[in-house]
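This report concerns only the one structure given below.
The values are calculated or read from the model by the stated rules, or taken from the named source; none is laboratory data. Note that the coordinates shown come from a computational prediction; the quantities given were computed from them, not determined experimentally. A quick note on method: Cβ atoms are made from the backbone with ideal geometry, for glycine too, and the neighbour counts reach across all protein chains shown.
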Amino acid sequence: MTRIAIVEGDGIGHEVIPVAHQALELLHPEYDYFPVDVGYGRWEQTGCPCADADIAALKTADAVLFGAVTTPPMRDYQSVVLRIRKALDLYANLRPVKSDGFDILIVRENTEGMYSGIEEIGPDRATTLRVVSRTGTERIVRAAIRCAGQRRGKLTIGHKANVLKSDVFFRDICIAEAQNAGVEYNDKYIDALGLDILQHPGAYDVVVTTNIFGDIISDVSSYLVGGLGLVPSANIGDRYALFEPVHGSAPDIAGKNIANPIAALRSAAMLLAHIGDQEGAERIESAIGTVISSGILTRDIGGSAGTWEFGEAVLKALGNC
Ligand code: NAI
Ligand code: MG
């Protein structure tokens, strides 16, 4: 039986994930859905944000639907989502940003780079080690090339090789792999790429980059489609897969029933496509489109519908098509 782990996490995860979960239940009542409770809320209650048993539970799932977790900027607190990405070796973070006239897939390296977790705070100096390995780079660029092959066949390599030696290394491996695969490619400094994506989004197909740059460029690119409430992501490894909105736990709007559940719904659609139900994925996308066209919109995109009102409209549209 297909087993789906449902992780609400913190903040608006408790609001947007139930909507996405219900959409999955509606399309696939036969799946086995089970909750896994991790995050800051769990830490406040138990002193542990994510136990080994939680990681083990996630590993029993065919796919994980994940909301977002709060990571307080405290010295000793380890980010739960980073721990999960590493533990499940979810090395490819795929973040599609698309609308009329453009269709970009950001492929972010997800296990190393600036988020390798090798850091130290001393009395007068803090250091973070940026690790870019050959294996890590080869597998992420190969994943990006595979994606490009299923799309328009064009790869852009985002880096900062003018300053960082680790990015000279990253860029050169990416170029060698692109040449090997015979894929069309170009490369750009990540800061200039950030602006150019906003000015000429139609020029991009697949963008591959290191961990922190992918994090930043995907939040920036979400501007093109109406903000963070709309962009989903897939975290894929060779064995496990986790699907989550690009946004975080949004404490500023949590508990108010105003969060946009579209990113979570689209993450559920990506989950279905990943486990083989492309049609279900398309049904979720088209139900979202129907509801938006009918003028029901959440506040972040200019409407006044609440999370539940929007979610119920999507569930109704899903039931009708
Ligand atoms: P955020 O993505 O939570 O929020 C940024 C802004 O976007 C806020 O103004 C928020 O209200 C808005 N926003 C986000 N999602 C929205 C939605 N669905 N509908 C409407 N508006 C939305 O990022 P922020 O504020 O930097 O981080 C908040 C917390 O989330 C932090 O503790 C951070 O560590 C965590 N975080 C967790 C992530 C994860 O679990 N994968 C990813 C990003 C942040
Ligand atoms: Mg981010």
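What tally of residues in region 213-231 results from selecting those that are without any contact (Cβ under 8 Å) to a residue 40 or more places away in the chain and more than 11 Å from ligand 2 (Cβ to nearest atom)? Qualifying residue count for the region: 1.
Please note which helices (runs of 4 or more DSSP H) are completely contained in region 157-226 and include at least 2 residues that are closer than 17 Å to Ile104 by Cα. Ranges flagged: 190-199, 211-221.
Conditions (1) among the acidic types (Asp, Glu); (2) more than 19 Å from the chain's Cα centre (by Cα), marked per residue:
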{"site": "Ile121", "(1), (2)": "no, yes"}
{"site": "Gly149", "(1), (2)": "no, yes"}
{"site": "Gly153", "(1), (2)": "no, yes"}
{"site": "Ile173", "(1), (2)": "no, yes"}
{"site": "Asp191", "(1), (2)": "yes, yes"}
{"site": "Gly227", "(1), (2)": "no, no"}
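For the residues Val183, Val163, the requirement of being crowded, with 19+ Cβ neighbours inside 10 Å and at pLDDT 95 or above singles out Val183. Per the listing Thr156, Thr135, the residue uniquely among the polar types (S, T, N, Q) and free of Cβ contacts under 8 Å to residues at least 40 places away in the same chain is Thr135.
Of all residue pairs spaced 6 or more apart or on separate chains, those with beta-carbon atoms under 6 Å, a first member in region 39-60 that is crowded, with 18+ Cβ neighbours inside 10 Å and a second member that is β-branched (Val, Ile, Thr) and assigned to a helix (DSSP H, G or I) are Gly39/Val80; Pro49/Val80; Cys50/Val80. Going through (1) outside the structural domain of Trp308 (by TED's automatic domain parsing); (2) touching a Pro at 6+ places or on another chain (Cβ under 6 Å) one by one, Ala263 falls short only on (1).
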